[in-house]
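Heads up: the structure comes next, in structure tokens.
The values are calculated or read from the model by the stated rules, or taken from the named source; none is laboratory data. All values reported here derive from a predicted model rather than from experimental measurement. We place every Cβ from the backbone using ideal geometry, glycine too, and count neighbours over all the protein chains shown.
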Amino acid sequence: MIDLSRYRSYDDIGPYLKAFRTSATFGGAPTLWRFRVSARTCRAEGSELSPQGLEFPQVDGRRATGGYRIVYGVFTDADRGLSGRIGRVDLITGTTDAWDAGAGSLVSEPIFVPRPGGEDEDDGWLVALAYDPGRQATDAVVLDARDLAAGPLFTAHLPVSAGMTFHGAWRQAS
């Protein structure tokens, strides 16, 4: 089983990647899909998990091999591209929740950090970077994974632009 953000066509993302600094629109926003791969038939069959535009999907790493219902990522839409919204999708109920970093902002892939002793897959925090175009600098933000719309619990205003990439995973220190 493979879950991924799927674009309808390369034509939806290709122009966006070429004009990333000057254009923030997609031809069509990617959505979350699940593909089931059969080694026996050498085929993959897919179905859309959510119509919500979503890029850089992340889950609680303790459930990365399956059994999760909550997916976090950067919400997207055709008009705003990588819109500056960190979002959450519940795959069972279809409900969504998001924090909007503001007009012109860009956000990184959110990384889930479980609360020590917590067992629920949304009991923890999301850590991400948010580019603030007004300051021309980056903020490091921490969000409550259960209530993204409430906004950051903590914001560190970095004195420089650190870009918007923050790919990775959380690993508890030994």
Next item on the list: Could you list all residues from segment 44-58 that are surrounded by 20 or more Cβ atoms within 10 Å (Cβ to Cβ) and either among the hydrophobic types (A, V, I, L, M, F, W, C) or touching a His at 6+ places or on another chain (Cβ under 9 Å) (or both)?
Entry: L54, F56
Next item on the list: Assess whether Y72 counts as being touching a residue at least 60 places away in the same chain (Cβ under 8 Å) and in a strand (DSSP E or B).
Entry: yes
Check: Restricting attention to segment 131-158, which residues are outside any strand (DSSP E or B) and more than 20 Å from G73 (Cα to Cα)?
Finding: P133, G134, R135, Q136, L158
Check: List the pairs whose first member sits in segment 123-137 and is closer than 13 Å to F154 by Cβ and at pLDDT 90 or above, whose second member is among the basic types (K, R) and outside any strand (DSSP E or B), and whose Cβ atoms are under 9 Å apart, counting only residues at least 6 apart or on separate chains?
Finding: W125/R115
Note to self: Can you tell me how many residues within segment 90-122 are hydrophobic (A, V, I, L, M, F, W, C), crowded, with 21+ Cβ neighbours inside 10 Å and assigned to a loop (DSSP other than H, G, I, E, B)?
What the structure shows: 1
